[in-house]
Amino acid sequence: TAYEIYQCDWSSDVCSSDLGVEATPEWIQSQGADAVVIAAGAHWEKTGETPARPDRETIPGIESPAVKDAGTAVKAALADPKALGGRVLIVDDGSGYVPFGLAELLADNGVGVEVISPQLLLGEDLLKSLDMPHVFPRIVAKGVKLSPQTFIDEINGNEVTYGFIWGGARTTATFDTVVIAMHKAPNADLYFALKGKVKELHRVGDCVAPRKPAAIIYEGEKLGREI
């Protein structure tokens, strides 16, 4: 994987960055650094696992080609907002901004979007930051449907059966793409490949565990001062 690599000489207070360098364990070891910090981030998973359905480990049919993880979907939509088709279902179980940013991008380009979540309300982080009263009316006015306390029972190709998590009638509808915006996993392979092979090794941010930006900023500041 190509990362942006920063190399710092604290004796001269000079830092430089290398763009597009393949940060292999061998390359990093060859630099002779006194300390190595891995901040490789995390990636969106497509497991379909959720506390809302403790009876199962995934969503039946999640292997359908119509299902994409949020990272893949966002990249495709940024390149071509029509790439995900004319009707998209976004499954949110992470409380963050990504599902709604993607929903607005798609809606602005004439795509029909519904965002569902098994949680009691959608986008809890937007509520805490006071963005919800601005974001939700705007995307609803653009045709985005918001369905909290709703989850998928089964995916069959492009057909999705879903409904209220507490029971009742189920809906079966056809979507061109189902976007799973639920969980992230750390990009930690590089860190573990370097363990015991460099003088001093650290990892920070989502590379340790995906979490809020404020926690990551604090961790990076703390480690920078310690080094």
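General observations
- Residue match in region 100-120 (condition: at pLDDT below 95, in a loop (DSSP other than H, G, I, E, B), open to solvent by 10 Å² or more (accessible area, probe 1.4 Å) and out of contact with any strand residue (DSSP E or B) (no Cβ under 9 Å at 6 or more places or on another chain)): yes
- Selected residue (criterion: farthest from Ala66 (Cα to Cα)) from residues of region 162-202 that are hydrophobic (A, V, I, L, M, F, W, C) and part of a strand (DSSP E or B): Leu201
- Here Pro137 fulfils each of the conditions (1) more than 30 Å from Glu226 (Cα to Cα); (2) in a loop (DSSP other than H, G, I, E, B); (3) open to solvent by 50 Å² or more (accessible area, probe 1.4 Å); (4) not aromatic (Phe, Trp, Tyr) apart from (2).
- When the strands (runs of 3 or more DSSP E) confined to region 12-60 are screened for residues that are in contact with a helix residue (DSSP H, G or I) (Cβ under 8 Å, 6 or more places away or on another chain) and at pLDDT 90 or above, those reaching at least 3 such residues are found at 36-38, 42-44.
- Filtered residue count, region 105-143, keeping only those that are more than 12 Å from Asp92 (Cβ to Cβ), among the hydrophobic types (A, V, I, L, M, F, W, C) and in contact with a helix residue (DSSP H, G or I) (Cβ under 8 Å, 6 or more places away or on another chain): 7
- Scanning region 166-210 for residues that are small (Gly, Ala, Ser) and either in contact with a strand residue (DSSP E or B) (Cβ under 9 Å, 6 or more places away or on another chain) or surrounded by 20 or more Cβ atoms within 10 Å (Cβ to Cβ) (or both) yields a total of 7.
- Residue within region 143-160 that is open to solvent by less than 50 Å² (accessible area, probe 1.4 Å) and assigned to a helix (DSSP H, G or I) present: no
Per-residue answers, yes or no, for (1) under 22 Å from Lys46 (Cβ atoms); (2) small (Gly, Ala, Ser):
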| site | (1), (2) |
| --- | --- |
| Asp80 | yes, no |
| Gly85 | yes, yes |
| Asp92 | yes, no |
| Gly96 | yes, yes |
| Leu121 | no, no |
| Leu126 | no, no |
| Phe136 | no, no |
| Gly143 | no, yes |
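- Some residue of region 203-214 being in a strand (DSSP E or B) and aliphatic (A, V, I, L, M): no
- Lys75 being among the charged types (D, E, K, R), closer than 20 Å to Asn187 by Cβ and either modelled with pLDDT of 95 or more or part of a helix (DSSP H, G or I) (or both): yes
- Where Gly94 falls short, out of the listed (1) open to solvent by less than 20 Å² (accessible area, probe 1.4 Å); (2) at pLDDT below 95; (3) part of a loop (DSSP other than H, G, I, E, B): (1)
- One residue stands out among those in region 211-220 that are open to solvent by less than 70 Å² (accessible area, probe 1.4 Å) and of a type in the set (A, V, I, L, M, F, W, C): the one that is nearest to Pro25 (Cα to Cα), which is Ile216.
- Selection status of Lys82, basic (Lys, Arg), assigned to a loop (DSSP other than H, G, I, E, B) and surrounded by fewer than 19 Cβ atoms within 10 Å (Cβ to Cβ): yes
The values are calculated or read from the model by the stated rules, or taken from the named source; none is laboratory data. Keep in mind that what you see is a predicted model, and the values were worked out from it rather than measured. Virtual Cβ from ideal backbone geometry, glycine too; neighbours counted across all protein chains shown. Remember, those area values only see protein heavy atoms, side chains included, never the ligands or the DNA or RNA. Shrake-Rupley method; radii C 1.70, N 1.55, O 1.52, S 1.80 Å.
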